[in-house]
1. For the residue pair Arg167 and Arg107, what label-to-label distance in nm results when each label sits 7 Å from Cα along the Cα-to-beta-carbon direction?
2. If I take every Cα pair under 8 Å that is 6 or more residues apart in region 140-193, average their sequence separation and divide by the length, what percent do I get for the relative contact order?
3. For an R0 of 30 angstrom, estimate the FRET efficiency from the Cβ-Cβ distance between Gln477 and Ser36 and round to the nearest 0.05.
4. Sequence gap at least 6, Cα distance under 8 Å: using those rules, report the relative contact order of the chain to the nearest whole percent.
5. Name the longest site-free stretch of the chain, where the excluded sites are GluC sites (Glu not before Pro) in a DSSP loop with no more than 14 other beta-carbon atoms within 10 Å.
6. Could you state the orientation-averaged shadow area of the convex hull built on the Cα atoms of region 147-368, in nm² to one decimal?
7. If I take the Cα coordinates of region 331-432 and project them onto the principal axes, what are the three extents in Å, biggest first?
8. Considering only C-alpha atoms, what is the centroid distance from region 218-286 to region 322-384, in Å?
Amino acid sequence: MHPDRISSVPLYIQIVESIKEKIRSGEWVVGTRLPSQRDLAQSLGVNRSTISLAFDELAAQGLIHSAYGRGTVVINNTWGLLTQKQPTNWQALIESGSYKPNLAMIRKINDAEFAPDVVRMGTGELAPQLLPNRQTDELLRNLPVSSLSLGYSEPKGDRQLREEIARYVTRFGINAAPSSILIVSGALQALQLISVGLLDHGSTILLEKPSYLYSVNVFQSSGMRFAGVKLDSGGMRVDKLEALKRQYQSSIIYTIPNFHNPTGILMSRKRRQQMLSVSLQARLPIIEDDVYRELWFDSPPPPPLKAMDHAGEVIYIGSVSKALSPGLRVGWVIGPETVIDRLADIKMQSDYGSSAVSQLIVSEFLRTGTYDAHSAFVREKLKIRRDYLIGLLNQYFSDIADWKTPAGGFYIWLKIRPEINLVLLFKNALEQHILLNPGILYDRQSSQYLRLSFSYATLPQMEQAVRQLRGLILEVQKS
């Protein structure tokens, strides 16, 4: 779509024809929102006035329409103009779908994360230099060809992997047969399967507030409601749960007890015991999302809720995405066998099983002890990164923000003292090639918070970003 400056055809006409071709080919269907004039001018390397001329010409041809507050959208295509028939309104069909789209800010974050010049200060994944590329290569080279199956796995996942996971989780107190384990394509798929397979439409999820779950629509798309429960230094305030249970009859608890996303809080052992007690008394089942367990820095976290569960009240979710590799897309669900059977049936209907190659790789990491060795390496590096970021905050933010040092995980939950427009800060920071995760993604009331991550950006990038971020915050405060 980049215009040819040597051509005798005016730049704005070239842009008009490029956009018309996208509309004609169906790439931009009726209802598609076009990029803003400013963004389009920047991406094409032309003046904004050139884009304005192109939009005026397209509007004159009846192809697009601009409205205040809605931006510029496609309203027709050339086929529709020739036949005088109304073309298929794909946008209307998109909006009528049951699965809700990501929040607009989340979509911007997802796009910006792949820009090579952006410093990712909110990303919840390991930096490329912390991924086990060499170890994976060695494991695959040493595997006999006969062990590699490129066919479908069993409905619950590769048997050998489930056996390795069963052995792995015994070290922190969970006793589960392979038949009670389901392999999933990451923890998010586990939540999706639970939402459609176990919960009634209109059920209520009792969860920490703020929570990562507010930033995705996996439960809302299934007709679920959220009821937020406040956090303190020990984790979720479980003394609030029974009252919420009475208010919302059909409900379930969702919790991230270890190095909570986004606050980094570690739930105490006592609080875990209290939660299980309330769960039994109020008949409140629990979804325990334990994907950050291996990311402790000084001492391992308390046993999982599942390890203390003797009544089958807890559905446990684990994953290798945080300590090993997000790209392998391997996680697991542990629960009563009847529950696992139900979720496995739904998974087979949706994708016919997770990647056989990824399952084999994870199985070998667990079997050979390479997963333990790599997890220790990641903990060491993450602790260095955490301490470095804390040092930067002490240097640049001690007078304008508050935070607590997390005992593990990826995140620092930063509270900015001066009142600011967080959306404007996000926008201004992105223009400076700094990508942030504002607190409002995890709780609408967290408009003074940022989720800062120390897992992805390099140390020099962190230093540059924190220094620039201080200036951006002070600028937004003034405006």
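What follows is calculated from the coordinates using simple rules that are stated; it is not laboratory data. What you are looking at is a predicted structure, and each value in this text was computed from that prediction instead of being measured. So basically every Cβ, Gly included, is an ideal-geometry build from the backbone, and we count neighbours across all protein chains shown.
1. 4.7 nm
2. Relative contact order for region 140-193 comes out at 32 percent.
3. 0.70
4. RCO, the chain: 18 percent.
5. 114-418
6. For region 147-368, averaging the hull's shadow over all directions gives 11.5 nm².
7. The Cα atoms of region 331-432 stretch 53, 33, 30 Å along the principal axes, largest first.
8. 25 Å
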